[in-house]
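Only one structure is covered here, and it is reproduced in the block below.
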Amino acid sequence: MVRYPLAPEQIEAGRRLGAALRSARAGRNPVEVALAAGISPETLRKIETGRLPTPAFGTIVRLSEALGVPLSELATVWRTDPALSKAS
């Protein structure tokens, strides 16, 4: 299987997603959140900092549940391009 490099838009979407998750965590201990989601604290840290811009779907579902954030809200964050919003 060949993995193509991520496009800049995908990397930026991952950064937005990570920021949204970090904001939703709002002071909760990252280790507790990670364990509640069934992922490692290191994985959560990578997602929140944008170093893992395309986490697995199941990971996002579990984080959504652990943080009480609707999955549709996280999807909107990932899809929304701030540059397009400013142009409107």
Inter-residue pairs, beta-carbon under 9 Å, first surrounded by 12 or more Cβ atoms within 10 Å (Cβ to Cβ) and in segment 67-88, second modelled with pLDDT of 95 or more and part of a loop (DSSP other than H, G, I, E, B), 6+ apart: L67/R28
Output for segment 19-59, where each listed residue is buried (at least 16 other Cβ atoms within 10 Å of the Cβ) and part of a loop (DSSP other than H, G, I, E, B): I39, G50, L52, P53, P55
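Across segment 19-31, what is the total count of residues that are of a type in the set (D, E, K, R) and either without any contact (Cβ under 8 Å) to a residue 40 or more places away in the chain or farther than 20 Å from L44 by Cβ (or both)? Don't jump to the end; show me each part of the working.
Step one: of segment 19-31, the residues of a type in the set (D, E, K, R) are 22, 25, 28.
Add one more test, that the residue is either without any contact (Cβ under 8 Å) to a residue 40 or more places away in the chain or farther than 20 Å from L44 by Cβ (or both), and what stays is 22, 28.
So the answer is 2.
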Restricting segment 5-18 to residues that are free of Cβ contacts under 8 Å to residues at least 40 places away in the same chain and surrounded by 14 or more Cβ atoms within 10 Å (Cβ to Cβ), the residue that is farthest from the chain's Cα centre (by Cα): R15
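The values are calculated or read from the model by the stated rules, or taken from the named source; none is laboratory data. Because the structure is predicted, anything quoted here is derived from the model rather than measured. All Cβ positions, even for glycine, are placed from backbone atoms using ideal geometry, and neighbour counts span all protein chains on display.
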